[in-house]
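The next block holds one structure in the form of structure tokens; read it before the comments.
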Amino acid sequence: MNIILELGIILILGLISTKTAEKIKTPAITAYLVLGIIIGPFAMNFISQNTLKHSGLISNIALSLIAFSIGQNFSKQTFQQVGKQVLWISISEAIGAWLLTIIALLYVKVPIYNALLFGAIAAASAPAAIIMVVKQYKARGRFVDTLMGVVALDDAWGLIIFSLSLAVSRAIYEHLSTSLFYVFLKAFLEIGGSLVLGGVFGFILSLIGKFLKNQTELLICTIGVIFLTTGIALHFHISVLLSCMFLATVLVNLNNESFKFFDILNNVDWLIYLVFFVLAGASLELNMLTQIGFIGAIYLNFRIIGKFSGTYFGAMISNADNNVKKYLSLGLLPQAGVALGMALIVKEEFPDVGHIIFTTVAATTIVYEIIGPFFVKLALHKTNSINA
Amino acid sequence: MQVKDIMQTQIISVQLGTTLSQLLNIFKDFHSFPIVPVTNKEQTLLGIVQMRSLFDIFQPYHHNILMHNPLSMLSQETTDIFDIDIDENIGFLIIIADIIDKKVVSIQEDKDIKQAYDLMQLHKRDTITVIDQEHHLKGIISSFDIVMSVFKEKGIF
């Protein structure tokens with residue numbers, strides 16, 4: 001089967017699964033993942049190993065687009081709109097999940113670069129699943145407002161934490177024997193490089209934007225600059241996520257008509273995400289599921305404990321009310337797209353241990369997507385947000 | 001020809017504190033919902049309300065920020081406005097500040113109308129707001145105004 005035929009099958013079946021997911025009230029991403037498993041090498045074998053080998057191209061494009069979109073959250077306007085409380089809680093719960101997952105994994109003797117990566121992935125959550133529950137139960141009120149704000153910023157902090165952890169892990173992994181100084185220097189250069197790269201291209205895109213005449217030119221230019229940023233980041237081994245995110249952050253704070261660059265991508269991005277998640281499902285190594293039991297259980301539970309303590313702490317220092325303090329973390333448990341994207345990066349960057357992390361995250365994603373919405377509903381109930 | 005020569009200056013604008021009921025009452029006799037500029041007391045342009053903003057009433061709060069996360073799926077999903085129970089008091093509870101769209105495309109009044117036309121093409125919008133140097137609202141200009149001015153120049157009417 002040739003690659004174009006495979007893509008055709010992925011797109012059409014993907015569309016059918018979107019419709020099915022809507023009917024049974026499941027987030028589309030879970031449906032794509034399951035579709036990937038079904039048509040992948042472990043079941044129907046519609047997707048060849050050859051295609052999977054080249055899926056790095058799609059995942060790099062998808063991740064740079066995701067990072068670019070999320071980067072626009074760091075605007076003055078957004079910070080003013082969500083307020084201090086949401087800001088504190090979102091930072092604190094992301095760091096909480098990161099820290100506690102790392103500590104727990106280090107305690108059971110998982111190597112530090114591995115634990116760092118697991119921790120970083122633990123910070124991400126899944127807005128789609130959370131919004132779906134809020135909409136389904138027509139929940140409203142102060143608790144829901146805070147939850148939505150935290151969910152909105154959560155993945156943005158997650159991407160930063162992940163990029164930092166990835167840089168440190170890579171430095172440790174590559175230079176297991178060298179000094180701590182060298183590790184931090186290398187990580188620092190990688191992060192500094194990303195910021196410079198994203199900043200320069202953000203500035204350039206903002207300037208070129210003035211000479212564009214129509215939507216086609218706008219689309220070509222936006223994607224062109226994102227690809228340039230991603231390509232250069234890959235070439236110099238610096239963080240693609242951080243570069244693209246910072247590209248967007250510079251753009252959004254520099255140019256008050258910057259929304260045109262983000263809106264234009266809405267026409268094409270979902271197509272790439274669909275292929276990305278189906279391929280992620282297809283590359284899941286089901287035979288490894290038996291090996292992840294213990295580590296998987298630790299990751300699953302300590303992410304929850306981390307989210308809870310982080311939220312509690314953030315709510316405490318920002319003087320949030322008791323409902324937020326106690327129940328907000330329950331609303332943050334679903335995890336899907338962004339976490340999987342991060343796990344795929346790890347899989348490619350760390351060939352010998354990456355596939356365990358990827359399989360663990362993919363498997364726990366499915367668990368979180370099943371139990372997550374239940375906890376969101378519980379949080380909404382406990383705080384009287386439904387029919388209040 | 002400059003934008004100010006053909007723009008519409010008789011415009012209805014609203015303030016951040018205008019309620020949903022007041023807004024709907026102003027426009028109930030129009031045959032469609034226009035772009036409504038939102039200004040403060042000094043007539044500084046703060047944003048606009050358009051048809052799409054009215055759909056925001058059916059969305060969870062902060063959804064505009066959530067749309068920045070491409071995986072939040074909101075951009076894909078259409079809200080079923082027929083299956084939603086909203087409080088009748090919402091007319092007084094929701095004000096323009098809740099639904100204002102800050103993604104506003106404006107042009108300065110002394111620019112050429114060709115530039116206004118290009119800007120509309122780039123943003124795929126039919127109507128844009130016109131401002132002065134200090135960001136004060138001066139009028140609105142639509143592609144219809146521009147087309148009419150071209151027809152007029154050619155002596156068609």
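Think of chain A as having a plus end and a minus end, set by charges on the Cβ of Lys, Arg, Asp and Glu; of A:294, A:165, A:129, A:129 sits farthest toward the positive end of this dipole.
The charge dipole of chain A, taken about its Cα centre with unit charges on the Cβ atoms of Lys, Arg (+1), Asp and Glu (-1) only, comes to about 980 debye.
Amide hydrogen proximity for residue B:47: with H placed 1.01 Å from N in the peptide plane, the residues at 5 or more positions away or on another chain lying under 5 Å are B:38. Buried accessible surface for the B/A chain pair comes to about 3300 Å², total over both chains, computed with a 1.4 Å probe. Calculated FRET efficiency, residue A:188 to residue A:227, Cβ-Cβ distance, R0 = 25 Å: about 0.45 to the nearest 0.05. Straight-line reach from residue B:138: which aspartates and glutamates fall under 18 Å, measuring Cα to Cα and dropping same-chain residues less than 8 apart? Filter leaves B:5, B:42, B:109, B:110, B:112, B:126.
Based on Cα contacts under 8 Å between residues 6+ apart, chain A shows a relative contact order of 30 percent. Once you've got the Cα coordinates, tell me which of A:109/A:347; A:53/B:103; A:76/A:213 are over 31 Å apart. The pairs that break the limit, which is 31 Å between Cα atoms, are A:53/B:103.
Measuring nothing but how far apart in sequence close Cα pairs (under 8 Å, 6+ apart) lie, relative to its length, region B:3-153 scores a relative contact order of 33 percent. For chain A, modelled as a GNM with alpha-carbon contacts under 10 angstrom, which of A:37, A:89, A:272 fluctuates the most? Sorting by GNM fluctuation, first place goes to A:272. Of A:347, A:76, A:186, the residue with the greatest mean-square motion in the GNM of chain A, using alpha carbon springs below 10 Å, is A:76. For residue A:138, a cut-off of 23 angstrom between C-alpha atoms picks up these lysines, skipping any fewer than 8 places away in its own chain: A:19, A:23, A:25, A:325, A:326, A:377, A:382. Using R₀ = 51 Å, calculate the FRET efficiency as 1/(1 + (r/R₀)^6) where r is the Cβ-Cβ separation of residue B:26 and residue A:207; round to 0.05. Efficiency, rounded to the nearest 0.05: 0.80. The alpha-carbon atoms of region B:3-153 define a convex hull whose volume equals 141 cubic angstrom per residue.
When the residues B:31, B:123 are ordered by accessible surface, computed with a 1.4 Å probe over the protein chains alone, the sequence from largest down reads B:31, B:123.
Placing unit charges on the Cβ atoms of the charged side chains and taking the dipole of region B:3-153 about its Cα centre, the candidate lying farthest along the positive direction among B:32, B:122, B:13 is B:122. A simple spin-label model places pseudo-atoms 7 Å from Cα toward Cβ; at residue A:200 and residue B:143 they are separated by 3.9 nm. Mean-square fluctuations from a GNM of chain A, with a 10 angstrom spring cutoff on Cα atoms, peak among A:304, A:366, A:204 at A:204. Based on Cα atoms of the protein assembly as shown, Rg over Rh with Rh as the Kirkwood radius reads 0.99. Note on residue A:84: aspartates and glutamates with a C-alpha under 19 Å away, same-chain residues under 8 apart excluded, are A:93, A:145, A:154, A:155, A:321, B:98.
The values are calculated or read from the model by the stated rules, or taken from the named source; none is laboratory data. This structure is a prediction, so every number in the text was calculated from the model and none was measured. Glycine also receives a Cβ, built like all others from the backbone with ideal geometry; neighbour counts cover every protein chain displayed. Calculation scope for accessible area: heavy atoms of the full protein, side chains included, ligands and nucleic acids excluded. Shrake-Rupley method; radii C 1.70, N 1.55, O 1.52, S 1.80 Å.
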